[in-house]
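For reference, the structure discussed in these notes is given below.
Readers should treat all values here as calculations from the given coordinates under stated rules, not as data from a laboratory. Since the structure is predicted, the reported quantities are computational estimates derived from the model, not experimental observations. In this analysis, Cβ positions are derived from the backbone assuming ideal geometry, glycine residues included, and neighbour counts consider all displayed protein chains.
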Amino acid sequence: MIKAVHEDLLHCGVMDVEVMLKKLYSRPRMTEDIKRVISACDNNACECNRASVSPFTASSPRRLATGKWVCVACDVFHYEKLPILSVIDEYSRFACLYILSEERAVLALQALQQIFEIPFLGYPLYLRSDRGIFTSLREPLKNLGVLLILTSGHRPQANGIVERLHYTLRLRLATLSKDLLLSDRLKTVINAYNRCPHSSLNGVSPAESLSGRSIRTRFCIPVKVPSPEVPANMITFQKGQLVWLLKPQADRRA
C-alpha cells in the first residue's frame, strides 16, 4: 500500500504519503515503514527529488486571496519546447494547466476563458501575473470582470506561488516516461498535484481545500449500504410468522 500511494502521487515525500495513508488506517511505526519504502524507490527522478529543495517560497494566504478562487496567479512555462499556461488559486492552491500552440496574449486569453468557464470554478476577482504576454490583457480581462494584477519583473518571488508550482510540476514530470504524450503526462501530473497533501494547507490537498470535502481515492475501502431506519412505533414481524395482508380500500369488494 505504501509503495502504491507513493507511486500514485508521482513519488511524493514521506509526509504526503503518511497523510494519505492515515486517512485509510494507522499502525505503529508507520513513519519508519514509509521512510524505508521510499528510500528503496528505484525511480531515478525520485532520487533527485529527495535531494532537492525548492528555491521558491510563498506566504499563505496572500493579501488578495480572501477566499477560494478569489485571486488566482498565472504564468507560462516551457516544457519540451511547448508553452504551457498554468493557473493556480492562491487560497486553495488548486491548479490547472493548458498547452498553448504559441506564447501569444490572444491564445493565453482564450485558454484562461476555457479554464474560467469550468462550472465549479468560474471567473476570479483578481488575476496575478508577470509582465510578459499578460500585459496587454488588462482591458480584455476587465471586460470579463477580472482585474489584472501585474507583478514586478525584478522580484520573481512576487509570483512565488506559481513559480513554486512550476518547480513541483517539473519534478513530477521527470518521474513519467517520455513515451507518453505530453498532454497525458500533464494531466497525470496536475491531478496528482491537486490530490496531494499541501504543506501550506496543513496537510489538506488543493482539491479538498477547494471543494470543502474529503476526496475519496481508489485506495479507500468500500462501505456497506446502510440498513434502512425502522421507526420505533412500526409493527414488526418475526421470520416464519404467519401474517394477514389487508388489501387497500380501493381494491376491496363492495
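Among 228-238, 92-102, 26-36, how do they line up by average Cβ neighbours within 10 Å per residue, starting with the highest?
92-102, 26-36, 228-238
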Fill in the blank from the handout: Excluding residues fewer than 8 positions from Lys35 in its own chain, the lysines with Cα under 17 Å of it are Lys3, Lys22
Fill in the blank from the handout: Residue by residue through region 110-127, the couplings from Karplus 6.51 cos²θ - 1.76 cosθ + 1.60 with θ = phi - 60°, in Hz, x for Gly and Pro, are 4, 5, 4, 5, 4, 6, 5, 7, 4, x, 7, 9, x, 8, x, 6, 10, 10
Fill in the blank from the handout: Once amide hydrogens are built 1.01 Å from N within the peptide plane, the residues lying 5 or more places from Arg104 or on another chain with amide H under 5 Å from its amide H are none
Problem - For region 71-211, radius of gyration divided by Kirkwood radius, i.e. Rg to Rh on alpha-carbons - result: 0.94
Handout entry: Alpha-carbon centroids, region 167-188 and region 123-139: separation in whole Å
Key = 27
Exercise for the section: Select from Gln249, Val37, Ser129 the residue farthest towards the positive end of the dipole of the chain; place +1 on Cβ of Lys and Arg, -1 on Cβ of Asp and Glu, and compute about the Cα centre. Expected result: Gln249
Practice task
Work out from phi, with θ = phi - 60° and the Karplus expression 6.51 cos²θ - 1.76 cosθ + 1.60, the ³J(HN,Hα) of each residue of region 235-245, listed in order in whole Hz, and give x for Gly and Pro.
Solution key: 6, 10, 10, 8, 4, x, 6, 7, 10, 10, 9
Problem - Segment Arg253-Leu181, extension gain: residue separation times 0.36 nm, minus the distance between their alpha carbons - result: 18.6 nm
Handout entry: Net length gained if the chain between Trp244 and Asn44 were fully extended (0.36 nm per residue, minus Cα distance)
Key = 64.7 nm
Completion exercise
Computed D for the chain, Stokes-Einstein, Kirkwood radius over alpha-carbon pairs, 37 °C, 0.692 mPa s, to the nearest µm² per second, is 154
Completion exercise
The base-10 log of I(q)/I(0) that the Debye equation returns for region 167-254 at q = 0.14, 0.19 Å⁻¹, one scatterer per C-alpha, is -0.74, -1.06
Practice task
Tell me which residues come under 5 Å, amide H to amide H, from Asp75 once H is placed; ignore anything under 5 positions away on its chain.
Solution key: Ser86
